[in-house]
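The values are calculated or read from the model by the stated rules, or taken from the named source; none is laboratory data. It should be emphasised that the depicted structure is a prediction, and the values quoted were computed from it without experimental measurement. A quick note on method: Cβ atoms are made from the backbone with ideal geometry, for glycine too, and the neighbour counts reach across all protein chains shown. With ligands, DNA and RNA removed, areas are computed over all heavy atoms of the protein, side chains included. Shrake-Rupley method; radii C 1.70, N 1.55, O 1.52, S 1.80 Å.
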Amino acid sequence: MKISVYSSLDQNMEYIKNQLFHASDLKWRSISFNQSKGLIVFLESLADLQKIHQEVIKPLEGKSHGNVDKVVTSVDITKNSVLSEVPHALIQGNCVLLFEGSTEVFIVDVAAVNIRNISEPVNEGVIRGAHDGFIEHLMTNLYLVRKRVENPNLVVRYYQTGKETKTKLALLYMQDLANPDLIKEVDQRIASISLDMTLAPGFIAEMMEDNPSSIFPQILLTERPDRTAAHLMEGRVVILADGDPSALILPVTFFAFYQSPDDYHSRWIAGSFVRLIRLVSFIIASLIPALYIAVIGFHPEILPENLIFSVKSSIDKVPFPPIVEALIMQITLEVLREAGVRLPSRVGQTIGIVGGLVIGESVVRAGLISYPMVIVVALTAISSFVAPSNEISTATRILGFPLMILAALFGLIGITFGMLFILIHLCKLECLGTPYFAPVMPLRMKDMKDTFVRFPIWSLNQRPHDPHPQKYVQERNSRGWEQDDSGKE
C-alpha cells in the first residue's frame, strides 16, 4: 500500500520511525532552507557521514534559498512523493531530506562503501597472467570487467532479486555477439526468481539450471575477471551479484570446466598437454577405485602374475571386502578435506598432511586397509583436485561412489554400464539450448580446436557455435517459467 508524503514534518518522521522500529542507528539533523524547517534523515550504519556533510549540509548552509536538487552537490538525487518508499531508500544507504509543508522528499545517495582490496582469487591461482580477482562489491567487479572489455557493445542491465534481501544483480553480455534468444531467456529466468533471499550464487544457479537434479554443474562460477571477459567475447552472458565475488557464466559446456587461463598464457603445446592431463584426471578420479574393486573381486587374472602375489599378500590381512575398504578411505578423505577447509589455513594444511600420513599408516599397520587401497585412494584424491573448477571436482568425487557399488556388484560389466549411463546423461544434458557435451555430441569439428587440446592462437579464428535456446522461449509456459517484471530494477 502506497502512502503519500504528509505535509506535516512530525507525521513523516513518526512514520519513518515506526517503519524502522525505532532503530538505534536511525539519525536525523534539523536544517533550515527556503525559510522552512527541514530534517536530514539517515542510518549511520549505512551512510557516509563525510558525504552528508560535504554534499548535503554544507551546500544547504551556503545558500538560504533555491531548488534543493540544484543546491545539493550529490550526483544522484531524486524526488519522491511516496512516503512508504522512504524506509527502503534509507536501508540502501541514502539520506532523505524532508521539509515542513512539502509533500515531496529528496533522496540523496550517500551510501558508505567498505570494500576489501582487490587480490588474486585463492581458488583459481595461475602461474602466468593477471593476478586480480572479483570482490564483494558489484561496482568494483563491473569496473574490472569493463577495463578488460573497453567496448560500447558491452551491455550491463540491473535486476533485484529476493523479496526481503533485495539483492542487486548485473547481467552482462556483448550486444553484437550474444544470441538475442539467449538474452531473452536469461532475462525471463532472472525475472521469475521468487525467493525471500538470494545471498549466494548457488541460489541463482539452482533457479536457472535446466537440470538442477543433475550431478554435473551447468553454470560456471569464476572469480577471475580475465576468464569472465574471455567468455563474454565468445557470446556468453555473465551474472554478477552484489555481496559475492563470483561471476556466473552461461551457457557452458562440460569442457569449459577444464579450461584455465594458464592454457592461453603458455605455448600451445604446453597448454594442450596440461589440459589433456586435466581431462585424464577426470577419468582417473571417477574410475580408478571402481576398477580396483572389480579387478580384485571379479577379474584378478587381469593382473600380471608377479603383481597378483604382492596384492594378495596385502589384502589377505584385511578383514573387509574391497568395497568396504574403498568406502572407508573415501569417506575418511572427504572428512579430512572438509576439516582442512573449515580450519584456519595453517592448521588446515597441518591437519591434511598429518591426518593423511598418520591415518593411512595406522590403518595399514592395524590390518584394516591394504597398501594398494591406500595408493588407489591417494591417486584418486590427487586427480580430483586437478580440475580448475571446484564444482566439477566435487561432481567427480561423488561419481566415484555409485561406480564403486556397481563394480562390487557386477565387476567390469557394472562399470561399463555405469560409464555408458554417465555418457548418455552428458550427451542428453543441455544448458539454455546448448548441448552440454558439445562439440563432441553433436560433433562439431571446427570447435575441436579448443576442446581436448588448444590449437595455436592464430588458428582460433572462429567463435564457438552459437546456442539456440529458441525452443525454451517457445515452451516457457509448459516449463512453468512465467514473466514477472517485479524482479527488475
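Some points to look at:
- Criterion: open to solvent by less than 40 Å² (accessible area, probe 1.4 Å), outside any loop (DSSP other than H, G, I, E, B), among the aliphatic types (A, V, I, L, M) and closer than 30 Å to Lys166 by Cα - qualifying residue of Leu248, Leu287: Leu248
- Matching residues, the stretch 69-87, being within 36 Å of the chain's Cα centre (by Cα), β-branched (Val, Ile, Thr) and either surrounded by fewer than 14 Cβ atoms within 10 Å (Cβ to Cβ) or not in a helix (DSSP H, G or I) (or both): Val75, Ile77, Thr78
- Residue in the stretch 121-129 that is of a type in the set (Lys, Arg) and farther than 24 Å from Gly271 by Cβ present: no
- Filter result (among the small types (Gly, Ala, Ser) and within 22 Å of the chain's Cα centre (by Cα)) within the stretch 92-143: Ser119, Gly125, Gly129, Ala130, Gly133
- If you check Thr434, Thr394 for being under 28 Å from the mean Cα position of the chain (by Cα) and in contact (Cβ under 8 Å) with a residue 60 or more places away in the chain, only one passes: Thr434.
- Looking across Glu61, Glu55, one residue alone is outside any strand (DSSP E or B) and either open to solvent by less than 80 Å² (accessible area, probe 1.4 Å) or among the hydrophobic types (A, V, I, L, M, F, W, C) (or both). It is Glu55.
- Every residue from the stretch 353-371 that is farther than 14 Å from Ile328 by Cβ and at pLDDT 80 or above: Arg365, Tyr371
- For the stretch 88-124, filtered to residues that are modelled with pLDDT under 90 and charged (D, E, K, R), the residue that is least open to solvent (accessible area, probe 1.4 Å) is Glu124.
- For the stretch 174-231, taking the residues that are open to solvent by 30 Å² or more (accessible area, probe 1.4 Å), among the aliphatic types (A, V, I, L, M) and in a helix (DSSP H, G or I), the one that is farthest from Lys163 (Cα to Cα) is identified as Ala230.
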